Amino acid sequence: MIRLDRITLREIRLALKEPFRISSGVQSERRILLLELQDADGASVWSECVAFEAPIYTAETIDTAWLAIREWLAPRLLGHAVDRAADVHARLATNIRGHSMAKGALEMGCWALEAVQLGRPLSRHLGGGRAGLRDAVPTGISLGLQATPAALVERARAAVAAGYQKVKLKIEPGRDVAFVGAVREAVGTEIELMADANAAYNLDDATHHAALKSLDAFDLLMLEQPLGADELLGHATLQAELRTSLCLDESITDRGRATAMVALGSGRIINIKPGRVGGFTESIAIHDLSAAARPLVPVWCGGMLESGIGRAYNVALASLPNFSLPGDLSPSARYWSRDVVSPEWTMNADGLVPVPTTTPGLGVVVDTDFIDSITTRLEVVSTRASAMAVA
Ligand code: OSB
Ligand code: MG
């Protein structure tokens with residue numbers, strides 16, 4: 001049973017080692033919303049809200065999430081007993097639209113709290129006794145947009161040398177065919193390569209359409225989210241024209257969208273980011289319906305430039321069996337000069353990130369002193385203070 005007494009919201013700032021640019025914007029310093037959930041028995045866990053500072057990926061931001069958690073979501077949990085973590089999503093989602101990343105941060109925290117209560121590693125708790133859970137997850141790198149093909153090639157070569165099992169290249173109109181072509185040429189045909197447009201293309205634009213078709217020549221593992229988030233039909237039209245498999249990211253907001261994608265043929269692969277779909281219950285439902293689809297829809301775990309706390313949740317999720325493609329799960333040192341957990345997340349020379357399978361909960365220790373030193377905002381929401389309610 002989960003009964004939260006106290007939720008602490010904190011904003012921390014972590015400088016990225018290198019600015020990360022996608023088609024819709026750039027980030028150099030990551031403003032991160034962390035939550036600390038405390039239950040009635042005094043047990044506590046940390047979780048992370050993956051929203052960015054600006055609405056460049058989905059509509060949510062760190063500030064809208066803070067508001068949503070304080071005003072509408074935290075009061076749904078504080079002081080109320082919920083039987084199981086699997087029930088939390090429904091409790092947060094009923095009559096509260098959107099705000100999936102805000103919901104996800106609370107919901108995933110409840111799964112971790114339940115794992116701690118049961119003395120189980122988060123991965124094994126999510127697995128729920130099913131067969132085929134991984135002990136290490138295959139890992140890829142996502143390379144941001146670069147000024148020149150040569151700069152991208154240099155980073156791709158380094159990624160291959162480091163052992164990453166997949167190299168993902170951000171693209172946008174004007175920085176696509178020549179960039180992807182140069183990397184394919186440099187790394188050879190054995191390396192799994194893919195491109196991610198973050199919704200930057202429009203099929204009504206002849207130049208855009210021609211560029212997407214040209215990418216078919218590079219034997220990509222997949223092409224991620226070329227069109228807008230709402231363009232399930234457009235993606236189905238495009239998929240019918242391409243040899244390359246489409247993968248949807250921004251479009252998949254819940255299990256209903258995943259079902260629609262499969263029914264419409266809008267793509268063949270799904271990137272699951274638990275924050276984008278409101279947490280683990282929805283992520284597991286998408287994982288399961290993808291595994292049951294014929295042909296089967298492989299899934300992989302996306303990334304949101306998380307700190308080591310959010311990464312713990314992604315690694316646990318990616319240990320489920322249908323996460324059969326390498327995820328965007330780079331080790332801590334790719335992003336930060338110092339992470340907020342110990343040990344930091346590491347990757348071996350075969351591109352595998354080990355899954356914690358012995359200690360209960362997240363499997364890493366949160367460095368609270370370091371977090372204190374980089375906290376820029378803090379607010380406590382507790383049972384007493386939560387009178388506000390939504391019907
Ligand atoms: O589309 O997956 C994406 C980063 C920012 C916004 C969107 C995306 C990404 C990534 C980063 O690809 C993946 C990572 O966390 O390493
Ligand atoms: Mg993406």
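Can you tell me how the chain classifies by the Cα gyration tensor, rounded, prolate or oblate, using a/c under 1.5 as the rounded cut?
Working: a/c = 1.68, a/b = 1.52, b/c = 1.10.
It comes out prolate by the Cα gyration axes.
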task: At 7 Å along the Cα-to-beta-carbon direction for both Ser373 and Thr148, put a label point, then send me their distance in nm to one decimal.
output: 3.9
field: Solvent-accessible area, 1.4 Å probe, carbon plus sulfur percent, for the chain
entry: 52
query: Of Lys17/Lys273; Lys103/Lys168; Lys166/Lys273; Lys170/Lys273, which pairs sit farther than 19 Å apart, going by alpha carbon to alpha carbon?
result: Lys17/Lys273; Lys103/Lys168
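Can you figure out the FRET efficiency of Glu190 with Arg97, using R₀ = 51 Å and their beta-carbon distance, to the nearest 0.05? Could you put the intermediate results ahead of the total?
Details: r = 46 Å, r/R0 = 0.90.
So the FRET efficiency works out to roughly 0.65.
Let me have the relative contact order for the range 64-136, percent, based on Cα pairs under 8 Å that are six or more residues apart. Mind showing how you got there, number by number?
On the way: 37 pairs, mean separation 21.8, N = 73.
Here the relative contact order equals 30 percent.
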message: Just to verify a number: FRET efficiency for Asp216 and Lys17, C-beta to C-beta distance, R0 = 30 Å, to 0.05?
response: 0.35
query: Can you list the trypsin sites (Lys or Arg not before Pro) in the range 44-125 that are in a DSSP coil and have 10 or fewer other beta carbons within 10 angstrom?
result: Arg97
field: Whole-Å distance, taken between Cα centres, linking the range 167-225 and the range 90-160
entry: 24
- prompt: Name the residues of the range 195-212 whose amide N is less than 18 Å from a point 7 angstrom out from the Cα of Arg243 along the C-beta direction?
  reply: 195, 210-212
query: Length gain on complete extension for the stretch Val365 to Ala81, per 0.36 nm per residue less the alpha carbon to alpha carbon distance?
result: 99.5 nm
- request: Note down the nm distance, to one decimal, between modelled labels 7 Å out along Cα→Cβ at Thr358 and at Asp135.
  value: 1.2
- request: Find the accessible area per residue for the range 170-315; the probe is 1.4 Å, ligands and nucleic acids are left out, and the unit is Å².
  value: 33
query: Using θ = phi - 60° and the Karplus curve 6.51 cos²θ - 1.76 cosθ + 1.60, what whole-Hz ³J(HN,Hα) does each residue of the range 168-174 get, with Gly and Pro shown as x?
result: 10, 10, 6, 10, 7, x, x
task: Output the antiparallel fraction of DSSP beta bridges having both residues in the chain, as a percent to the nearest 5.
output: 60
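Any idea what the relative contact order of the range 131-186 is, in percent, if you count C-alpha pairs under 8 Å spaced at least 6 apart? Could the numbers behind the result be given before it?
Numbers: 51 pairs, mean separation 24.1, N = 56.
43 percent.
Can you give me the accessible area per residue for the range 1-132, using a 1.4 Å probe, in Å²? Display every interim value, and only then the final one.
Values: 4940 Å² over 132 residues.
Heavy-atom SASA per residue in the range 1-132 reads 37 Å².
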query: Let a ≥ b ≥ c be the square roots of the eigenvalues of the Cα gyration tensor of the range 43-173; is it rounded (a/c under 1.5), or, if not, prolate (a/b larger than b/c) or oblate?
result: oblate
- request: Run the numbers on the range 1-109 and let me know its relative contact order in percent, using alpha-carbon pairs under 8 Å that are six or more apart.
  value: 29
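The values are calculated or read from the model by the stated rules, or taken from the named source; none is laboratory data. Every value quoted in this text rests on a predicted model; they were computed, and no experiment measured them. Cβ atoms come from the backbone with ideal geometry, glycine included; neighbour counts cover every protein chain shown. Just the protein is used for accessible areas: all its heavy atoms, side chains included, with ligands, DNA and RNA removed. Shrake-Rupley method; radii C 1.70, N 1.55, O 1.52, S 1.80 Å.
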